[in-house]
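The values are calculated or read from the model by the stated rules, or taken from the named source; none is laboratory data. Worth saying up front: this structure is predicted, and the values here are computed from it rather than measured. Reconstructed Cβ throughout: ideal geometry from the backbone, glycine too, with neighbour counts over all protein chains shown. The protein model used for the area step is the full one, side chains on, heavy atoms only, and it has no ligands, DNA or RNA in it. Shrake-Rupley method; radii C 1.70, N 1.55, O 1.52, S 1.80 Å.
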Amino acid sequence: MALKDILVQVDDGRGHQARLALAAAIAARTEAHLTGLFVIEPISFSALAAPGGSDFAAAEAFQVVEREHRAARLKLGERLAALFRDAADRAGVNSEWRIADDDAATAMVLHARYADLAVLGQADPDNPPLGAGAVEAVLLGSGRPALVVPFIGAESVGRRVLVAWNATREAARAVNDALPLLIQAETVTVLSVNPERGIGGDGELPAADIALHLARHGVKAEAAHTTAEAVSVGDIILSRAADLGADLIVMGGYGHSRAREFVLGGATRTLLRHMTVPVLLSH
């Protein structure tokens, strides 16, 4: 699969300019069309209604606040649109600007379904942006891969790649979704952490089968494995990425929906919270 449509989340969260530059660079490298999506989220009426006040007065006050909120968001959108177009122009890619009035997670899921890759920002725990749950929503609800860019920024992506492999459906999806980037990479290391043996496991030489599959696609991949039961899988992946000087981690995103709340697996949560390089996730 080639990357021909890339969607990037546009907001004013920490590291947003680095995210735009990275998305534009990927679009240029893959000759893809780049779409920037800015979301104007609605205000909750219940959060503004005063206890004991009249419904009419509350509704009137809400309309005033709503107009002011939308005007402020549109003004912010104009500034961000200029940054987005500048990044696209610098990279020499075709681009498109979109504004959606909706919950941020819902809007990102919908628009991601019409793209090959969604580029999103890691949520900053010290200053969570509107739509901080968009990563989980896109990962589990769009059917598309999500490339999450750390809020500390990233100078490059896809030159030295670490693939986290555990022979699951999600891991296979992630490897396949990342192929357009893996083919262009200088080095690819496929790492199996605490591999399982036997039928349904990782084979006699962990990660070797998937590395061979990648080699048939022209990917320069080497297999590696490690066992460290006292350390979490997520921490091992982050540590190995640092040792290799990786600028991209590829892994399956694990989770399920329970009562409309997304519940992610431990390794996925660890990487989303503590990533230092971009992470491509598929579910």
Legend entry - Selected residue (criterion: farthest from Val161 (Cα to Cα)) from residues of segment 209-220 that are touching a residue at least 24 places away in the same chain (Cβ under 8 Å) and open to solvent by less than 30 Å² (accessible area, probe 1.4 Å): Ile210
Inset, instruction - Identify the residue in segment 89-104 that is within 21 Å of the chain's Cα centre (by Cα) and farther than 26 Å from Pro42 by Cα and, among all such residues, is surrounded by the most Cβ atoms within 10 Å (Cβ to Cβ). - result: Val93
Inset, instruction - Looking for whichever is in a helix (DSSP H, G or I), surrounded by fewer than 13 Cβ atoms within 10 Å (Cβ to Cβ) and modelled with pLDDT under 90 here; the options are Glu60, Glu78. Which one fits? - result: Glu60
Inset, instruction - Could you tell me whether His256 is open to solvent by 80 Å² or more (accessible area, probe 1.4 Å) and at pLDDT 95 or above? - result: no
Inset, instruction - Would you mind stating whether Glu136 is within 19 Å of Glu170 (Cα to Cα) and either touching a His at 6+ places or on another chain (Cβ under 6 Å) or open to solvent by 10 Å² or more (accessible area, probe 1.4 Å) (or both)? - result: yes
Inset, instruction - State the number of residues belonging to segment 63-81 that are among the acidic types (Asp, Glu) and under 20 Å from Gln9 (Cα atoms). - result: 1
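Identify, from the list Asp177, Asp235, Asp243, the residue that is without any contact (Cβ under 8 Å) to a residue 12 or more places away in the chain and either of a type outside the set (Lys, Arg) or open to solvent by 30 Å² or more (accessible area, probe 1.4 Å) (or both).
Numbers: Asp177 fails: without any contact (Cβ under 8 Å) to a residue 12 or more places away in the chain; Asp235 fails: without any contact (Cβ under 8 Å) to a residue 12 or more places away in the chain.
Just one listed residue meets the conditions, Asp243.
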